[in-house]
1. With respect to the numbered conditions (1) at pLDDT 85 or above; (2) under 24 Å from residue 66 (Cβ atoms); (3) outside any helix (DSSP H, G or I), which one is the sole condition not fulfilled by residue 190?
2. Considering every residue within the stretch 144-164, establish whether at least one is closer than 17 Å to residue 114 by Cα and in a loop (DSSP other than H, G, I, E, B).
3. Do we have any residue at all in the stretch 142-156 that's under 24 Å from residue 65 (Cβ atoms) and surrounded by 15 or more Cβ atoms within 10 Å (Cβ to Cβ)?
4. Count, please, the residues in the stretch 50-85 that happen to be buried (at least 17 other Cβ atoms within 10 Å of the Cβ), closer than 20 Å to residue 123 by Cβ and touching a residue at least 24 places away in the same chain (Cβ under 8 Å).
5. Quick one: which residue in 101, 124, 95, 134 is assigned to a helix (DSSP H, G or I) and at pLDDT 85 or above?
6. Please find, within the stretch 253-278, the residue that is nearest to the chain's Cα centre (by Cα) out of those that are modelled with pLDDT under 85 and assigned to a loop (DSSP other than H, G, I, E, B).
């Protein structure tokens, strides 16, 4: 039905060579052409709008937004001579343009919570005024997809940790939307990446807990009572690690945090056998504990 509208409109939008040249001159000299609006926009906008709303279930505002983009592209093409007079007068040309806009629109919205740029900008404005519709939409549409992706990336992970990472990402995503730090375009990928980073930070924190456990082992640390690992202990642990020499810091990071076996690192650290690297590990741990105790007592 919509395609026939283009065909029946074939002789209603004829532009002569003289008018085309005058349009080009106006666009070059004034960056705006009344003749373009009169001869091209007026003849095409209704057909384009009907076609796009009918074939892509767009709202009228979304269709008008995309058509504005199309007309700007056509004007640029006229100025650069990339669009010919024959194309301007051909119904098939406008049909192809409309189909391309719809295709691009569908590709973009698939990666952006099924939102067009126009609707996203409207909802973002409303979010800043207290309407949480955009925030809720990102969570509802992407929550399950994001958790599933994280499960594939980290098959041994605890599902509760992945859910927590996704929720934390959604909160951060909302904050950055309001601050204007997130722009339209591939937003679902950005959201998933943020969830991955939250999970990685969670893993790092858990590994720091392991590191703190090394310092606070009850047999070794009999004179300091640590009922539980708190935030300050984690901060002290990180500071103590940074105060070591580079070799000790690297050795303990690989052994304690990354879970590498000492036997696999003998050659890497320049030792002949396991005894050598074992002694080095012991010395490094002793220095680490000394730094940690000093920070804990301050």
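1. (3)
2. No; the residues of the stretch 144-164 include none that is closer than 17 Å to residue 114 by Cα and in a loop (DSSP other than H, G, I, E, B).
3. Yes: the stretch 142-156 contains one or more residues that are under 24 Å from residue 65 (Cβ atoms) and surrounded by 15 or more Cβ atoms within 10 Å (Cβ to Cβ).
4. Number of matching residues: 5.
5. On the way: 101 fails: at pLDDT 85 or above; 95 fails: at pLDDT 85 or above; 134 fails: at pLDDT 85 or above.
Only one candidate qualifies: 124.
6. Top of the filtered list is 258.
The values are calculated or read from the model by the stated rules, or taken from the named source; none is laboratory data. The shown structure was predicted, so the numbers you read here are calculated from the model rather than taken from an experiment. Positions of Cβ are generated from backbone atoms using ideal geometry, with glycine treated the same way; all protein chains shown enter the neighbour counts.
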